[in-house]
1. One residue is enough: does segment B:120-140 have a residue meeting the conditions within 23 Å of the chain's Cα centre (by Cα), surrounded by 16 or more Cβ atoms within 10 Å (Cβ to Cβ) and without any contact (Cβ under 8 Å) to a residue 24 or more places away in the chain?
2. Please tell me if B:VAL221 is farther than 22 Å from B:GLY50 by Cβ, buried (at least 22 other Cβ atoms within 10 Å of the Cβ) and more than 8 Å from chain A (Cβ to nearest Cβ).
3. Of the residues that sit in segment B:141-171 and are among the hydrophobic types (A, V, I, L, M, F, W, C) and closer than 26 Å to A:VAL237 by Cβ, which one is surrounded by the fewest Cβ atoms within 10 Å (Cβ to Cβ)?
4. In this structure, is B:GLY253 within 12 Å of another protein chain (Cβ to nearest Cβ), surrounded by fewer than 19 Cβ atoms within 10 Å (Cβ to Cβ) and in contact (Cβ under 8 Å) with a residue 24 or more places away in the chain?
5. Please count how many residues of segment A:293-314 are out of contact with any Pro (no Cβ under 9 Å at 6 or more places or on another chain) and at the interface with another protein chain (Cβ under 9 Å from one of its Cβ atoms).
6. State the number of residues belonging to segment B:68-81 that are more than 12 Å from B:ALA43 (Cα to Cα) and surrounded by 22 or more Cβ atoms within 10 Å (Cβ to Cβ).
7. Determine which single condition A:ARG174 fails, assuming it passes every other condition in (1) of a type in the set (D, E, K, R); (2) away from chain B (no Cβ under 11 Å); (3) out of contact with any Gly (no Cβ under 9 Å at 6 or more places or on another chain); (4) in contact (Cβ under 8 Å) with a residue 12 or more places away in the chain.
2 protein chains.
Amino acid sequence: MNATTTSDGAASVLCIGTVGIDEVETPYSHVTNLLGGSASYFAAAAGVVGAPTQLVSVIGDDFPEEFAATLGASGADVAGLARLPGQCFRWGGRYHSDWNERDTTYTDLNVLAQFDPVLPDHFREARYVFLANTDPKLQAKALDQVRDPELVIIDSMNLWIDIARHALHDVLARADVVLMNDGEIRQYTGVGSAIRGARAILDQGPQAVIVKRGEHGATLVHKEGLFLCPAVPVESVVDPTGAGDSFAGGFVGHLALTRDHSLANLRRATAHGCVVASFTVEDFSVRRLARVTPAELVARYRELRDLTQFDDLDPIHVANVSVGHHRAGPT
Amino acid sequence: MNATTTSDGAASVLCIGTVGIDEVETPYSHVTNLLGGSASYFAAAAGVVGAPTQLVSVIGDDFPEEFAATLGASGADVAGLARLPGQCFRWGGRYHSDWNERDTTYTDLNVLAQFDPVLPDHFREARYVFLANTDPKLQAKALDQVRDPELVIIDSMNLWIDIARHALHDVLARADVVLMNDGEIRQYTGVGSAIRGARAILDQGPQAVIVKRGEHGATLVHKEGLFLCPAVPVESVVDPTGAGDSFAGGFVGHLALTRDHSLANLRRATAHGCVVASFTVEDFSVRRLARVTPAELVARYRELRDLTQFDDLDPIHVANVSVGHHRAGPT
């Protein structure tokens, strides 16, 4: 699993992000010692769509062996997982009954405070690079080590817009695809409409912006057009943690597997992101992702397609509307 | 315009709701003396899709003549508009920069406090009935006067769930389609998921529930299936007031015009609702709706269709995903 391309031509995806131990409280349960972190969700999600990952992150000496096995089972090459003395990055969160509000109960950086991404040699040939949400200076430092990336995808958040706007601006200019939520796009660009804000980001270099909308799905804003993708409705949410990073894993994984960056395929990739995220929230951590079969993935992709289809108007109806208008006009 | 069906077979839609005078403040302007109220937006929106309406509401002796002319131009029969001594219903609202928050600055019921819906004789044969958001006892009283309705559509809100739950329950049981936002569905049913909540409402009689999601669109929950319809992105919102009632006008108007209640046509109706609402927010009051041409309507419907389309997976890709899974499985 340490070649950058596999026998059937699928490129590995390099992911720089966090790996840690989470604790999650929901209205229905409270679970400790969960595999968490952006890179863990990303790898599990990319694995669901069939794309192997190369992970760059840092773990402490308390990182459970079973978590390493879980990452490996998702197709991840963990050669870039630096083990440092000390405790893993630990995060705790609490959800309220409507799932839309989350309190962070604690964030203990621990070994993450010393995160200094150094890519193993065989990672430097990566063609697809996902820079998960972190300090934009670290994102740039990691990207500097990749020889000839074909597609660079960057996630960011309000914290870096607040405290590292200049560095964020520089690294976004090197990205092909930027992922942010609508509030962050407004905050970063100062433009009131998220879609016009996304277009302002395209002017800085990227080919596409994904506007993340949480339970409402995602909007792809591309130089050649827009795509509106609703989230797959999940009737029994167990834990929403990691949905955004899972979206990224499904999205980038599909692109890496197909190596087709056309708008039509970016639409399919966006739909894969929404589909994979819908599995994530059905269980804690990456547990549901670890169980998704190819048949389930394809079935849910087609379900999302069916849920969003509607027919064109027939010419007779179009004529009727015109007649109605004529009749109803000012007299 | 006082026949319930017109020469080309399109049924009129009976609408019981409010007609009043609005004042709207946005981050960019402050406009007074606007035609407002649920029935005004509904009539203008139904007119856009070619369906005439029969309005039942109450106005004061200060109702401007030009507003009556605007309603008439949208195809509304205003024979059910009772003029009472006193002032019109008046509402004032203020929007914040992201449009998602609205403060009601005042609600002066005025003549609306005496609203007692009495249908003119020629309205009692209506086949399509829209009961806009109001006291469920008044909704029931209006519905009692309709001889043989074919399709009854009801809108409601949190206030009535709080103070008139029993009456609301009774009138919802007489509806074919219920419109509520996701928070209201959760509040009314006590179910955490809006879609499962909507299904609980279907168990009480209705054939379909529309989950209104504001800037995120609408979800149709029907006994035979679901349909996810994103909102049409509007890059320059001027005034979001009336988007929900405009959705209803586009939705019900399309059904009345086509007289086809199949799930496929309910999907088209939902898309029409989103399309018409997207015009509404481009100007104050019903000004933009009054200008929409049939060609613009059809073009935006097709634009929404294009914005939501994505291709099925090809069989070779499906096979690749399976190979990837096999390769990435536990070793």
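1. The answer is no; no qualifying residue exists.
2. Answer is yes for this residue.
3. Applying the filter and picking the extreme gives B:MET157.
4. So B:GLY253 fails the test.
5. 14
6. Qualifying residue count for the region: 1.
7. A:ARG174 satisfies all of (1) of a type in the set (D, E, K, R); (2) away from chain B (no Cβ under 11 Å); (3) out of contact with any Gly (no Cβ under 9 Å at 6 or more places or on another chain); (4) in contact (Cβ under 8 Å) with a residue 12 or more places away in the chain except (3).
Per-residue answers, yes or no, for (1) of a type outside the set (Phe, Trp, Tyr); (2) within 19 Å of the chain's Cα centre (by Cα):
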residue: B:LEU255; (1), (2): yes, yes
residue: B:ASP260; (1), (2): yes, yes
residue: B:GLU296; (1), (2): yes, no
residue: B:GLU303; (1), (2): yes, no
residue: B:ASP306; (1), (2): yes, no
residue: B:PHE310; (1), (2): no, no
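The values are calculated or read from the model by the stated rules, or taken from the named source; none is laboratory data. Worth saying up front: this structure is predicted, and the values here are computed from it rather than measured. Methodologically, a virtual Cβ is constructed for each residue, glycine included, from the backbone with ideal geometry; neighbour enumeration extends over all protein chains shown.
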